[in-house]
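Peer 1: Below is a structure I'd like to ask you about.
The values are calculated or read from the model by the stated rules, or taken from the named source; none is laboratory data. Remember, it's a predicted structure, so these values are computed and weren't measured experimentally. All Cβ positions, glycine included, derive from the backbone under ideal geometry; neighbour counts span all protein chains shown.
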Amino acid sequence: MVTLDQAGFHRATVAILPAPAPLRDVVDFLWIDERPRFAVQHRHWRVVPDDAPHLIYYRYVDGHAGSERHRLNVVGARARYADVDCTGRLFTVGVRLRPGAVPALFRVAAHEVTDRSVPAALIASRPVRALLSRLDGDAPADVARHLTSFMTGLVAEGRPVDERAAWLATHASTRRSVHQLAGTLGVGDRALRNWSATHLGLGLKRFLSVRRLHAALRTRLERPTATWSQIAAATGFADQPHLVRECRAMLGESPGTFFGRAS
């Protein structure tokens, strides 16, 4: 979740754009992170784990060539944090996809891009790939419009998101157990692992853990005076030590250390 990355640093200036109605089955929202050109930036930007995949475009200055370049990548769900080098980055435009979107749009199993960033041209179909050339040199708002067209083309050529993945995207409660959710989804214990890998890219347990972590981080940003024990109780953790363990496992550091990044 982009507004949680680097402990929410710079989150107030990230523009969140609602998904157009025809794309709401596969797109959660679009976002634009436009930073001042050549501004001093964090070299390593800690990106939080995410239960959802993304389509991410960014323009940057190649330090060796001294010229601007751009990339468009499909980023899978992330089981744990990633440190991104933002040196020379000028702006980023992203599309947060819904769980289940990768196999529907790109015809590959979600686990094939889990914790990976893959050039979109490698897995997008040829007619849609032609749209990529339009992104070079445009302003961020224009890039967002082109990405919307790109997504529209993918939807036209793709297939519907798995109904169970679509249900999870909007109804999964972090207070329900994996066994309870598996029963609701109608997936047996033996089939659950394969289904989750194919459609979510994460095991259902990790999927719920990531969502619970997001809830805790959002609560901390919205209620900075709340204690970690209060946040743990409000967001489905057993207790504060449970929250700290999960944070260390998925963010690589304690909650306090992570939020120190914002300063």
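Peer 1: Restricting to region 219-243, name every residue that is under 22 Å from the mean Cα position of the chain (by Cα) and not in a loop (DSSP other than H, G, I, E, B).
Peer 2: Passing the criteria: T219, R220, L221, E222, L243.
Peer 1: Hey, can you tell me all the residues within region 216-263 that are among the aromatic types (F, W, Y) and without any contact (Cβ under 8 Å) to a residue 24 or more places away in the chain?
Peer 2: none
Peer 1: Could you grab me the full set of residues in region 158-172 that are in contact (Cβ under 8 Å) with a residue 40 or more places away in the chain and surrounded by fewer than 16 Cβ atoms within 10 Å (Cβ to Cβ)?
Peer 2: R159, P160
Peer 1: Can you find even one residue in region 7-14 that is assigned by TED's automatic domain parsing to the domain that holds D142, at pLDDT 90 or above, assigned to a strand (DSSP E or B) and surrounded by fewer than 22 Cβ atoms within 10 Å (Cβ to Cβ)? So that I can check it myself, show each step before the final result.
Peer 2: So the first thing to find is which residues in region 7-14 are assigned by TED's automatic domain parsing to the domain that holds D142, and the list is 7-14.
If we keep only those that are at pLDDT 90 or above too, we end up with 7-8, 14.
Then drop every residue that is not assigned to a strand (DSSP E or B), which leaves none.
Within region 7-14 (the criterion being assigned by TED's automatic domain parsing to the domain that holds D142, at pLDDT 90 or above, assigned to a strand (DSSP E or B) and surrounded by fewer than 22 Cβ atoms within 10 Å (Cβ to Cβ)), the answer is no, since none of the residues qualifies.
Peer 1: Just give me the residues in region 144-177 being assigned to a loop (DSSP other than H, G, I, E, B) and either farther than 19 Å from G100 by Cα or touching a Pro at 6+ places or on another chain (Cβ under 7 Å) (or both), in sequence order. Talk me through it step by step, then tell me what you get.
Peer 2: To start, the set of residues in region 144-177 that are assigned to a loop (DSSP other than H, G, I, E, B) comprises 158-162, 172-177.
Once the filter is applied, which keeps residues that are assigned to a loop (DSSP other than H, G, I, E, B) and either farther than 19 Å from G100 by Cα or touching a Pro at 6+ places or on another chain (Cβ under 7 Å) (or both), region 144-177 yields R175, R176, S177.
Peer 1: Identify the single condition in (1) over 18 Å from D115 (Cβ atoms); (2) over 17 Å from the mean Cα position of the chain (by Cα); (3) not hydrophobic (A, V, I, L, M, F, W, C) that R212 does not satisfy, given that it satisfies every other one.
Peer 2: Single failed check for R212: (2).
Peer 1: Is at least one residue of region 178-197 under 29 Å from P103 (Cα atoms), among the acidic types (D, E) and modelled with pLDDT under 95? So that I can check it myself, show each step before the final result.
Peer 2: Pass one, region 178-197, residues under 29 Å from P103 (Cα atoms): 178-197.
Keeping just the survivors that are among the acidic types (D, E) gives 189.
Add one more test, that the residue is modelled with pLDDT under 95, and what stays is 189.
Yes: region 178-197 contains one or more residues that are under 29 Å from P103 (Cα atoms), among the acidic types (D, E) and modelled with pLDDT under 95.
Peer 1: Considering region 119-144 alone, what residues qualify as being within 20 Å of the chain's Cα centre (by Cα) and crowded, with 16+ Cβ neighbours inside 10 Å?
Peer 2: Of everything in region 119-144, those that are within 20 Å of the chain's Cα centre (by Cα) and crowded, with 16+ Cβ neighbours inside 10 Å turn out to be A120, I123, A124, P140, V143, A144.
Peer 1: Going by the conditions given, is S229 surrounded by fewer than 18 Cβ atoms within 10 Å (Cβ to Cβ) and closer than 18 Å to V26 by Cβ? Lay out the reasoning, then the answer.
Peer 2: Numbers: surrounded by fewer than 18 Cβ atoms within 10 Å (Cβ to Cβ): yes; closer than 18 Å to V26 by Cβ: no.
Spelling it out, it is not the case that S229 is surrounded by fewer than 18 Cβ atoms within 10 Å (Cβ to Cβ) and closer than 18 Å to V26 by Cβ.
Peer 1: Could you list, ordered by first residue, the pairs with Cβ atoms under 7 Å in which the first is in region 1-14 and closer than 16 Å to F29 by Cα and the second is hydroxyl-bearing (S, T, Y), at least 6 apart or interchain?
Peer 2: Short answer, once both residue conditions are applied: R11/T3; V14/T3.
Peer 1: Filter region 82-103 down to residues that are under 25 Å from N194 (Cβ atoms) and among the small types (G, A, S), then give me how many there are.
Peer 2: Within region 82-103, residues that are under 25 Å from N194 (Cβ atoms) and among the small types (G, A, S) number 2.
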